[in-house]
Amino acid sequence: AEFDEAEAGKILRSHVKGNRALIVTNDRLAPLYLDKYEAMVKEGGEIQVDTVILPDGEEEKTMDVMMKIIDKALELGLDRKVTFVALGGGVIGDMVGFAAAIYQRGVNFIQIPTTVMAMVDSSVGGKTGVNHPLGKNMVGAFHQPECVFIDTNTLSTLPDRELQSGVAEVIKYGLIRDSEFFEWQEKNMASLLARDPSTLRYAIKRSCENKAEVVKADEKEAGVRATLNLGHTFGHAIENGSGYGVWLHGEAVAIGTVMAANMSARMGWIDQSLVKRIYDIMDAANLPVELPLDSPMTAETFLKVMSVDKKVANGKLRLILLKGELGNCLFTGDFDEDAMKATVDEFVAELSGSKVAT
């Protein structure tokens, strides 16, 4: 829908529960959008607005940085009727959501995602948290936002690399459950990367619909919601093992998705032609499909980090793998471990220039 700022402000204010709001953003976005959204929430004078500006970057997604939100809320004497507002990408959304989940045992919060990644994935569904040196998003809570307010105009200032990173999550929806959407992406990727407004809006809307359907069926990730993590177990290992901030989340997920596809094909679960289509669409989206030669990743690092993944249950690693036709996947611990190890070996072997027998 098309809104002018007056209508947008009215919508936002309707989701602020009390008369105090705390808008949290980062130092890259603050000069671009903070004044605009602060004015929209303040309009009419009924809501008092305070702000917190945090440092930008995945490496800042820590307990210490998140506590700055809590510190500010306490210094201001904000009570349980406060609404926290997350203005930013996935890092800000996850941290503000977590702060909202734990401040006085839970307060209202609103997501205003400003990246494709946040619009299509992290802002929807109530997963919040921070990273730990031993694992990504290991400390957090499920806490649903009162409202997710998507303004695609904010994408005009998004760097190309961030845009492409978000597209990795769009591709995921097509692979795991929406084959028609995947085929649409194959035809429209150039238009998407060129930021054509209607193409962007369609990709974001269809992604959100897919995610909302899954979350509705399984809010706390007991089963089907885990399928949204295709490529994430390998991807999180790459993010953690390379050092947070080296890779954007979607870039690591793209490599992880290609690894999951390779492993699935190795076990005979999918056809090689689908693997090729996955490589082709990642290439079309300017996303990485292999580790760079200077990557610190080793087979040991992969397996060590994957062993503490959140999808481990009773000591057993479970993965999301592709099986059957395009648009089908499986969340399972019942896979060929040798195929997993061979896939990891193949991806790290390229770093030393050697080749592994497959």
Yes/no for Thr83 being in contact with a strand residue (DSSP E or B) (Cβ under 7 Å, 6 or more places away or on another chain) and under 30 Å from Glu251 (Cβ atoms): no
For segment 214-243, what are the residues that are touching a Pro at 6+ places or on another chain (Cβ under 9 Å) and in contact (Cβ under 8 Å) with a residue 60 or more places away in the chain? Asn240, Gly241, Gly243
Tell me whether segment 64-72 contains one or more residues that are more than 21 Å from Phe142 (Cα to Cα) and either modelled with pLDDT of 95 or more or out of contact with any Pro (no Cβ under 8 Å at 6 or more places or on another chain) (or both). yes
Across segment 240-279, what is the total count of residues that are hydroxyl-bearing (Ser, Thr, Tyr) and in a loop (DSSP other than H, G, I, E, B)? 1
Among what's in segment 305-327 and is open to solvent by 50 Å² or more (accessible area, probe 1.4 Å) and touching a residue at least 40 places away in the same chain (Cβ under 8 Å), pick the residue that is farthest from His232 (Cα to Cα). Glu325
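Looking at segment 1-22, which of its residues are open to solvent by 70 Å² or more (accessible area, probe 1.4 Å), small (Gly, Ala, Ser) and assigned to a helix (DSSP H, G or I)? Write out each step before concluding.
Here is the first cut: in segment 1-22, the residues open to solvent by 70 Å² or more (accessible area, probe 1.4 Å) are 1-7, 10, 14, 17, 19.
In the following step, the residues that additionally are small (Gly, Ala, Ser) were identified as 1, 6, 14.
Across segment 1-22, the qualifying residues are Ala6, Ser14.
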Looking at (1) over 22 Å from Lys61 (Cα atoms); (2) open to solvent by 10 Å² or more (accessible area, probe 1.4 Å), which one does Thr301 not meet, given that it meets all the others? (1)
Do we find a residue being open to solvent by less than 40 Å² (accessible area, probe 1.4 Å), part of a helix (DSSP H, G or I) and within 17 Å of Gly174 (Cβ to Cβ) anywhere in segment 214-222? yes
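Among the residues of segment 202-213 satisfying the criterion of being open to solvent by less than 60 Å² (accessible area, probe 1.4 Å) and without any contact (Cβ under 8 Å) to a residue 60 or more places away in the chain, which is farthest from Lys311 (Cα to Cα)? Give the steps one after another, and end with the answer.
Taking segment 202-213 as the starting set, the residues that turn out to be open to solvent by less than 60 Å² (accessible area, probe 1.4 Å) are 203-204, 206-208, 210-212.
Narrowing further to those that are without any contact (Cβ under 8 Å) to a residue 60 or more places away in the chain: 206, 210.
On the way: Arg206: 26, Asn210: 21 Å.
Of everything passing the filter in segment 202-213, Arg206 is farthest from Lys311 (Cα to Cα).
Of everything in segment 23-57, what is assigned to a helix (DSSP H, G or I), over 20 Å from Gln111 (Cβ atoms) and in contact with a strand residue (DSSP E or B) (Cβ under 6 Å, 6 or more places away or on another chain)? Give them in sequence order.
So the first thing to find is which residues in segment 23-57 are assigned to a helix (DSSP H, G or I), and the list is 30-42.
From the residues that got through so far, the ones that are over 20 Å from Gln111 (Cβ atoms) too are 31.
Within segment 23-57, no residue meets the criteria.
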Just for strands (runs of 3 or more DSSP E) wholly inside segment 107-174: which have at least 3 residues that are out of contact with any Pro (no Cβ under 8 Å at 6 or more places or on another chain) and open to solvent by 10 Å² or more (accessible area, probe 1.4 Å)? 127-132, 135-142
Output the number of residues of segment 295-304 satisfying the condition of being free of Cβ contacts under 8 Å to residues at least 40 places away in the same chain and in a loop (DSSP other than H, G, I, E, B). 0
Taking segment 58-101 and the residues there that are open to solvent by 20 Å² or more (accessible area, probe 1.4 Å) and part of a loop (DSSP other than H, G, I, E, B), the one that is farthest from Gly166 (Cα to Cα) would be Gly77
If you go through segment 178-201, how many residues are in a helix (DSSP H, G or I) and either among the β-branched types (Val, Ile, Thr) or open to solvent by less than 60 Å² (accessible area, probe 1.4 Å) (or both)? 12
Against the conditions (1) outside any helix (DSSP H, G or I); (2) touching a helix residue (DSSP H, G or I) at 6+ places or on another chain (Cβ under 9 Å), where does Gly324 fall short? Just the number, please. (2)
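With respect to Lys341, is the statement that it is farther than 24 Å from Gly166 by Cβ, outside any loop (DSSP other than H, G, I, E, B) and open to solvent by 40 Å² or more (accessible area, probe 1.4 Å) true? Break it down into steps so the answer makes sense when it comes.
Values: farther than 24 Å from Gly166 by Cβ: yes; outside any loop (DSSP other than H, G, I, E, B): yes; open to solvent by 40 Å² or more (accessible area, probe 1.4 Å): yes.
Spelling it out, Lys341 is indeed farther than 24 Å from Gly166 by Cβ, outside any loop (DSSP other than H, G, I, E, B) and open to solvent by 40 Å² or more (accessible area, probe 1.4 Å).
The values are calculated or read from the model by the stated rules, or taken from the named source; none is laboratory data. Predicted model only: the values in this text are computed from it and were never measured. Glycine gets a Cβ as well: all are built from the backbone with ideal geometry, and neighbour counts include every protein chain shown. Protein only, heavy atoms only, side chains kept; ligands, DNA and RNA dropped before computing areas. Shrake-Rupley method; radii C 1.70, N 1.55, O 1.52, S 1.80 Å.
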